[in-house]
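Coordinate-derived values only; no laboratory data. From a predicted model like this one, the values you see are computed outputs, not experimental measurements. Cβ atoms come from the backbone with ideal geometry, glycine included; neighbour counts cover every protein chain shown.
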């Protein structure tokens, strides 16, 4: 029974470590995705501003 308890404890430790690693990786990927989405949003805003400036006031600017 002591061997069974020890094996169970080792399994629990391994699973806890794996879950911790997965959580860290998920957080990292989530942060990277948010950063990339923010960057794309800024680039789209810049593109929109450039297009509107290039139109020279032809539109009324209410495209949003």
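Measuring max minus min along each principal axis, the C-alpha atoms of region 1-52 give extents of 75, 7, 5 Å (largest first).
Take the Cβ atoms of residue 55 and residue 30, set R0 to 30 Å, and the FRET efficiency comes out at 0.20.
Between 0 and 90 degrees, the angle of helix 2-55 with respect to the longest Cα principal axis of the chain falls at about 0 degrees.
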